[in-house]
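The structure under discussion appears below in the form of structure tokens.
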Amino acid sequence: MAVIVVLGALTYALLPTHTRPIAPSQAAAADSALVERGRYLAIAADCGACHTAPGGKPFAGGFAIDSPLGVIYSTNITPDPESGIGKFSLDQFDRAVRHGIDDEGVTLYPAMPYPSYALMSDADIAALYSYFLHGVAPAASTEHANGIPWPLSIRWPVALWRKLFAPSPDAPGFNASRYADPVVARGAYLVQGPGHCGSCHTPRAPTLQEKSLDDSSASYLAGGQEIGGFVATNLRGNIGDGLGNWSKEDIVATLRTARNAQQSVIGAPMSEVVVHSTQNLTEADLQAIAAYLKTLAPTAGDAPKFAANPATAAALAKGHEADRGAELYDDNCAACHHTDGAGSPKALPMIAGNSSVLAQDPNSLIRLVLAGGALPGTTAAPSALGMPGFAWRLSNEEVAQLLTFIRTSWGNQAASVTAGEVARVRGSLDVQTVRNP
């Protein structure tokens, strides 16, 4: 029976996938307007983030992507005819981008977010194709062997995964009529399609597919994935760990500058999205994204909450430190974030009601305290700001006490942090920067 099941799965996986062709008239040879539209879409889709290696030529691939299976190296998507996509037809390009199938019929690893790109329109795919063939300089490269161990490196199960979990090639595209407001519809398209926000901000099942690809499910953009050591935040309307207390202007400012008047981006993964992608979007598109995100209802259940309470600020202002966590906050944090947890507008984020502070999974906060962090400079906010790490100074127990105080003060209502949780994060850091706990 086991042999029959495996053979059946293998047969199903290896059956060719037929995709609908795009009309050749969609892709003009080198129309400047179409190339420019494609350039903008490549920014919105953040193609350069994965397809440009540090110090490498734009879009020439070779960037190492950590995945649950192992290290995957991005491919060359310049028009180089040998190592890039210079010989791709429009339909071959479309099959790769929207359906995860390369020019030889091999299924791409879903580190390439083709389940999201499947929602992109024919016209936008044609514009991207025009840009990469006529607006990007060709660059030769050497293919890197992926660092995925056997048997996970066997490729046909990836085709099975694609057929089971990615949108069918016959599935309808993005349906703007689901949204009464055309501005919200535009934001939904950008978030669900080219922006592929769900690739990080939607929780995944044990079989690694996103639990939802659009807002038809309450799991969409509910956060929970760990990317580069930082947990992607909840983008739904939760008051505590989501965007419930954020205005549209807060969202736009964060996408434009990695910060708003009260909060900021935490961690390199989202900082890089802002630097390379969202800060370069038009004001209209940023407003559309914000309008769409504000339509998402909060997740159900016992989520962290916030209800402003002045008791903590009053006690600290009088020098009353109720426990060791309060002492540690006064000694290490209050100079910048102040005894009222309010920080400094657009520079030092507030702690009271901060959605990252209130995240159900505290790993990002633990990593920030241990290793520190950096806020990138952007065109609209060029000053780069930083926070020092305290791994050299605080033990696991002290970090746990400090963060438990922070997550339960000023009206914050989130779970305590344990020394064991801190130890696990500390173990993933560079041991040379870490004090013996």
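The values are calculated or read from the model by the stated rules, or taken from the named source; none is laboratory data. A quick note: this is a predicted structure, and the numbers were derived from the prediction, not measured. In this analysis, Cβ positions are derived from the backbone assuming ideal geometry, glycine residues included, and neighbour counts consider all displayed protein chains. Note: accessible area is taken over every heavy atom of the protein model, side chains too, but ligands, DNA and RNA are not part of it. Shrake-Rupley method; radii C 1.70, N 1.55, O 1.52, S 1.80 Å.
Taking the residues in region 150-182 that are open to solvent by 70 Å² or more (accessible area, probe 1.4 Å) and aliphatic (A, V, I, L, M) as candidates, determine which candidate is farthest from residue 288 (Cα to Cα). Checked region 150-182; the qualifying residue farthest from residue 288 (Cα to Cα) is 152.
Tell me the residue from 395, 356, 364 that is farther than 18 Å from residue 275 by Cβ and touching a strand residue (DSSP E or B) at 6+ places or on another chain (Cβ under 7 Å), please.
On the way: 395 fails: touching a strand residue (DSSP E or B) at 6+ places or on another chain (Cβ under 7 Å); 356 fails: touching a strand residue (DSSP E or B) at 6+ places or on another chain (Cβ under 7 Å).
Matching residue, one of 395, 356, 364: 364.
Considering only region 35-47, state which residues are open to solvent by less than 30 Å² (accessible area, probe 1.4 Å), out of contact with any Gly (no Cβ under 9 Å at 6 or more places or on another chain) and farther than 12 Å from residue 125 by Cβ.
Let us first name the residues in region 35-47 that are open to solvent by less than 30 Å² (accessible area, probe 1.4 Å), namely 35, 38, 41-42, 44-47.
Still in the list and also out of contact with any Gly (no Cβ under 9 Å at 6 or more places or on another chain): 41, 47.
Answer for region 35-47, where residues must be open to solvent by less than 30 Å² (accessible area, probe 1.4 Å), out of contact with any Gly (no Cβ under 9 Å at 6 or more places or on another chain) and farther than 12 Å from residue 125 by Cβ: just 47.
Out of (1) outside any helix (DSSP H, G or I); (2) at pLDDT below 95; (3) over 23 Å from the mean Cα position of the chain (by Cα), what's the single condition that is false for residue 78? Of the numbered conditions (1) outside any helix (DSSP H, G or I); (2) at pLDDT below 95; (3) over 23 Å from the mean Cα position of the chain (by Cα), the odd one out for residue 78 is (2).
In region 281-324, which residues are of a type in the set (Asp, Glu) and part of a loop (DSSP other than H, G, I, E, B)?
302, 321, 323
Considering region 213-233 alone, what residues qualify as being over 15 Å from residue 292 (Cβ atoms) and under 11 Å from the mean Cα position of the chain (by Cα)? Once the filter is applied, which keeps residues that are over 15 Å from residue 292 (Cβ atoms) and under 11 Å from the mean Cα position of the chain (by Cα), region 213-233 yields 223, 224, 225, 226, 227, 228, 230, 231, 232, 233.
The single condition among (1) open to solvent by 40 Å² or more (accessible area, probe 1.4 Å); (2) polar (S, T, N, Q); (3) without any contact (Cβ under 8 Å) to a residue 60 or more places away in the chain that residue 233 does not meet is (3).
Answer with yes or no whether residue 130 is farther than 17 Å from residue 110 by Cβ and either out of contact with any strand residue (DSSP E or B) (no Cβ under 8 Å at 6 or more places or on another chain) or touching a residue at least 40 places away in the same chain (Cβ under 8 Å) (or both). Yes, satisfied. Within region 389-403, track down each residue that is open to solvent by 30 Å² or more (accessible area, probe 1.4 Å) and assigned to a helix (DSSP H, G or I). Matches in region 389-403: 397, 398, 401.
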